[in-house]
Amino acid sequence: MTQHRITDDLEALLDVLPLNIRHAVEKANNSEKLLEIVIDLGRVSVARFVDNEVILSEKEITRAEIDHITERIGTFDADNRAGMERTLHRISAIRNRLGIVVGLTCRVGRAVYGTVDIIQDIIESGKSVLILGRPGVGKTTLLREAARILAENKRVVIVDTSNEIGGDGDVPHPAVGKARRMQVSQPMLQHEVMIEAVENHNPEVIVIDEIGRELEAQAARTIAERGVQLIGTAHGQTLDNLLLNPTLSDLIGGIEAVTLSDEEARRRGTQKTVLERRSPPTFDVVIEIQTRDRFAVHLDITVSVDSLLRGAPELPEVRTRDTEGKIVIEKAAPSPRRRPERFGEGSKVDVREVVKTSRRGHQNPTPAQPDPAAEGQSPTPNQTPLVLTSALQTVRVYAYGVARNRLMQAAKRLGVPAVIVTDVDEADALVTLRTYYRNREQTVVDAEHRGLPIYVLRANSVAQVEQFLGDLYNLTEQQHPRDRMDGVREEMQQAISAVLNGERWVDLPPGTSLVRRLQHEMARNAELVSHSYGKEPRRHVRVFRE
């Protein structure tokens, strides 16, 4: 059982209060549960505890009492928050139309050591984690403790917008351990500091509190796609709240309206227009803090979002801490989905022979020792590349610095069963960019030491990603579906032009489900209607106007 140790520096906060308010707080004698002290001009002062509120004095607050506090704390920044040197306390101001402070919320900041134990296995897994919860439930406390734990073994950078995580002043609070802290001059520049942290300070983990703007959501996606673990919080209490938030829904993949064919709508038992996830989620795991001792954990956010959009939400894993401090985990019901087969488990794959696979699939059993960064994409010279024999097999790829959504889309286009994983320990191959390989990033070096095949791309482009997958699966020019899909696009474009020029409809040749999906997407982009007709293998798409 983990013992929680609490450091709150409460004396420092009480020292800035007028004496009558300080004595009233001390008289309440419940400092361990004190959340904040509310002081408004012309009203009575109130102390808010975890489970109740207490009026501190029947006397109304005066201007002098507010000035007494503001003179003894730090400067208020652009978001009207101030702190106290080397403490975690936060004082937020309410101003009148002239910019004069007329109200203060004095939030007690506490470093609670050991509180992350309930989700420590998830935090240390290397997966990106998004934490949701109402104000005052302990999100920032959890974030601070997570940063301290991770910083013991990894390079951690905290993007501290309001100095809530690392405390006020230039020296971070001891509660963040060895984690480094970057302050943000103005709240609207938070996204720029997030990107700066990645580009300048080579972190393995970035910790960010209160992702609340669209630019910050985009910055988070950029960071995640560069192979950096993200631990962050966002506004909202549940996954449903986040999904319906147009600004932040991209953190979990976003949603878009999709028009189904008649047959697909009947098969699903839904209307023809349904909501689907737009892109891969930025975060891997979402944690809902329901109370300080009860957490709902969505371990696979992709599955959780997809099932929620289909009207059959998957139950999260529930973790609770009982009165004795023991953690109880209620596992979610197992999903009927089939787990993708690991590369090399029951598959016809030989990874013993050292072979360099070229663009056209020719094999050279005694390869030269090239510079992988100069090749565009190839295994490192001292690694054993993946060699596919016979049927295409599932390969689990870890992308370090390469856009994961681009890899997923390219795998769909090429029709290859590549699975993009978020944990390098689960991968069968690592793909990265020339910059990261030449800089000898720690993740790449560790993968080399473990003998993991590493592929290096010149650029984070669609062409490079498709070429990498073609080489990974040893696709010859004849086998490579890219040219065939180009032909499908050209054929579809001709059909669209014909309908726009007056044809009632155009029937396209039969194709696979991948081909039909592309045809439906192109028709939708052209603001035309498309339906699938017939049975496999003669099923085809018809394009027409409404």
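Each value in this text was obtained by applying a stated rule to the coordinates, not by laboratory testing. Quick caveat, the model's predicted, so the values are computed rather than measured. Cβ sites come from the backbone with ideal geometry, for glycine too, and all protein chains shown count toward neighbours.
In table form, for the structure just shown:
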| read-out | value |
| --- | --- |
| Measure of compaction for the range 81-152 (Cα Rg per 2.2 N^0.38 Å) | 1.42 |
| FRET efficiency, Leu215 to Asn439 (Cβ-Cβ, R0 22 Å, nearest 0.05) | 0.25 |
| Alpha carbon convex hull of the range 230-313, projected area averaged over orientations, nm² | 5.9 |
| Semi-axis lengths, Å, the range 1-132, gyration tensor of Cα atoms, sqrt of 5 times eigenvalues | 31, 19, 13 |
| Cα convex hull volume per residue for the range 102-208 (Å³) | 122 |
| Residue-span extension gain [Arg72 to Asn501] - 0.36 nm each, minus C-alpha spacing | 147.0 nm |
| Estimated FRET transfer efficiency when R0 is 56 angstrom, pair Ala257-Thr291 (beta carbons, to 0.05) | 0.95 |
| Point-charge dipole on Cβ atoms (K/R +1, D/E -1) for the range 5-107, about Cα centre, debye to 20 | 200 |
| Extended-chain gain in nm, criterion 0.36 nm per residue less alpha-carbon gap, Asn200 and Thr222 | 6.5 nm |
| log₁₀ of I(q)/I(0) at q = 0.10, 0.11, 0.18 Å⁻¹ - the range 111-330, Debye sum with one point per alpha carbon | -0.45, -0.54, -1.30 |
| Over 23 Å (Cα to Cα) - which of Lys27/Lys326; Lys139/Lys326; Lys127/Lys331; Lys33/Lys326; Lys33/Lys127 fall in this group | Lys27/Lys326; Lys33/Lys127 |
